[in-house]
Amino acid sequence: MTAIFRPFLLSLIVFGGFSASVWAQQSGDAAADGKQRPEPNIVLIVLDDVGFGDLSIHGNRLNETPNLDRLFLSGVNFRAAYAASPVGSPSRAAMLTGKTPEHAGVTNFIEPIYGKYRRTEYLGKPVQVPASGTDLRAESTTFGELLQRKGYRTGWVGKWNLNGGGPKAHGFDHAKYAGKLDELRYMLEGYYLDSYWGDHISARLTRAATDFIDSSKGRPFLLVVSHYGAHMPLQPPEEKLQYFVEKKGKGRRGEFENPAYAAALSAVDDSVGAVVKKVEAAGLLPTTLFIVVSDNGGLADREYFIGDYFEHSPATSLAPLRGGKGHLYEGGLRIPLAMSWAGLLPTGITFDEPVMISDLFPTIIAAGGMRSYQDHFGANLFDVIVGAKLDRKLFWNYPHYSRQGGKPGTAMRDGRYKLIQWHEEGIAELYDLVADPSEEHNLLRESPRQAKKMAQELVRWLLWTRSSLPRRDPPPTPAAPAETAPVAPAQSGGREGNPYLGG
């Protein structure tokens, strides 16, 4: 937490305590003045394949994202936020339910309609990967369902990518541009359908979002705007593309620059600005919580479409972070995350403790007055930013091969250390993320005790979550001991062993 947070903490004492006043409003308890306050509106903006470092506020010198930057500057900027998976569907499932991807029933990206026509170089690898669910589990409770029960009008605009009947089957009254056919249309229109569909996808989402706000007058609303625009195939508006082509290379930056990605991201940023302006014009800014998040890291590899590479891929480089989408390195897992609420959240704060996308579930339902609901594994970020200690480790299980060249693995972060266990080779990597954020120096030989301790905790977490792992058939020949991950004894997977509960 930065030094700027200290005067904010002082203001809590001087003005009677942020936490008490906010939660009096949010929990439905009587406020200090004895009046019942209305529940806040919630606008969740979900970016697709936008990594940490892709926004201009995080240091990108080609991309221009002034509207997104404004939300980061007007609230709390979480600079160590993580996806629940290096690919989108599992991370979205964790965001919606507050559970692990395994518990939500989705551990890999859900194949689109055209999936069988795509290249499948990831098949025939040394380990057999488990099947991933193809739908968000019907019994999963989403924040949409909970707020719907509370009287909120709920809307989802844009990419869903979780099948399972779509947003309307999971707590959203209104859904537009969400579902398999809409996702297919986005993938194809950049190649074939521009003249037929007309305006840009980001502009269509903007209209749908602002129409939803207009039609929600008099009721608190939850609106999720889930953007397609930064995902392959990139569909940059022509005038923006020309601008960034001319900007590329100026100042002799010598870094990776993709004008097509910059232009597509700029169109998403315009949409974000239009939604914020609509909320402001409706006089709802003081009663609206904005959250911005991405589902996973940016695409830093070339990726196949139907028998060929996507044009303009890779989309980005997340250097100095290693890797990108599809990989368990920091580039695939670190994501932008911000919360902004005029008058109720501090402005210009950066928060450096690790948090996860699944933390949005308890945060959103708490904002809607449901702090007592505990069937989740996340941390309420409102409590975190006012000083609640996050005494936990973060875990990931991705037992698949990704389209971006990622391999099956499990990983955990414990403070400054991160351990990755690779299932194909049976080896592990240990990194000090403070001293080595680029994950270049494997500390496994230098810090065997730290590696063994984390490996044991990782095994315990896998048992507790009943996570699926790859298998070899036939069994492998015993490997040489060099850089082999320590093996922990089997332990109970009961609640007492739940790492989220500090057990």
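Considering only protein heavy atoms and a 1.4 Å probe, what is the carbon-and-sulfur percentage of the accessible area of the stretch 203-319?
50
Divide, for the stretch 201-279, the radius of gyration over alpha carbons by 2.2 N^0.38 Å, where N is the residue count.
Against the compact-globule rule of thumb, the ratio is 1.35.
Would you kindly state how much longer the chain becomes between ARG219 and ALA203 on full extension, computed as 0.36 nm times their sequence separation minus their alpha carbon distance, in nm to one decimal?
Net length gain for the segment: 3.2 nm.
With every protein chain left in place, what is the accessible area per residue of the stretch 278-404 in square angstrom, probe 1.4 Å? Each step should come with its number before you reach the end.
On the way: 3850 Å² over 127 residues.
Accessible area per residue, the stretch 278-404: 30 Å².
Straight-line reach only, C-alpha to C-alpha below 16 angstrom: list the aspartates and glutamates that LYS389 could link to, leaving out same-chain residues fewer than 8 apart.
ASP352, GLU353, ASP359, ASP414
When a/c reaches 1.5 or more, the comparison of a/b and b/c decides; with that in mind, is the stretch 285-404 rounded, prolate or oblate per its Cα gyration tensor?
prolate
Could you please state how large a percent of the accessible area of the stretch 39-92 is carbon and sulfur, counting protein chains only and using a 1.4 Å probe?
50
Taking a cut-off of 22 Å, what percent of all Cα-Cα pairs in the stretch 221-363 are separated by more than that? Kindly include the intermediate steps, with their values, before the conclusion.
Working: 5241 of 10153 pairs.
Every Cα pair in the stretch 221-363 considered, those over 22 Å come to 52 percent.
If I model a spin label at ARG445 and THR134 as a point 7 Å from the Cα along the Cα→Cβ vector, what separation in nanometres do I get?
4.7
Test of understanding: express the Cα radius of gyration of the stretch 46-189 as a ratio to 2.2 N^0.38 Å, with N the residue count.
Numbers: Rg = 17.1 Å, N = 144, 2.2 N^0.38 = 14.5 Å.
It is 1.18.
Straight-line reach only, C-alpha to C-alpha below 13 angstrom: list the aspartates and glutamates that LYS278 could link to, leaving out same-chain residues fewer than 8 apart.
ASP211, ASP214, ASP270
Between VAL245 and ASP308, what length comes free when the chain is fully extended (0.36 nm per residue of separation minus the Cα-Cα distance, one decimal in nm)?
Length gained, VAL245 through ASP308: 20.3 nm.
Suppose we take every Cα in the stretch 334-431 and form the convex hull; what volume per residue is that in Å³?
143
The values are calculated or read from the model by the stated rules, or taken from the named source; none is laboratory data. Since the structure is predicted, the reported quantities are computational estimates derived from the model, not experimental observations. No Cβ is skipped: glycine too gets one built from the backbone with ideal geometry, and neighbour counts run over all protein chains shown. Calculation scope for accessible area: heavy atoms of the full protein, side chains included, ligands and nucleic acids excluded. Shrake-Rupley method; radii C 1.70, N 1.55, O 1.52, S 1.80 Å.
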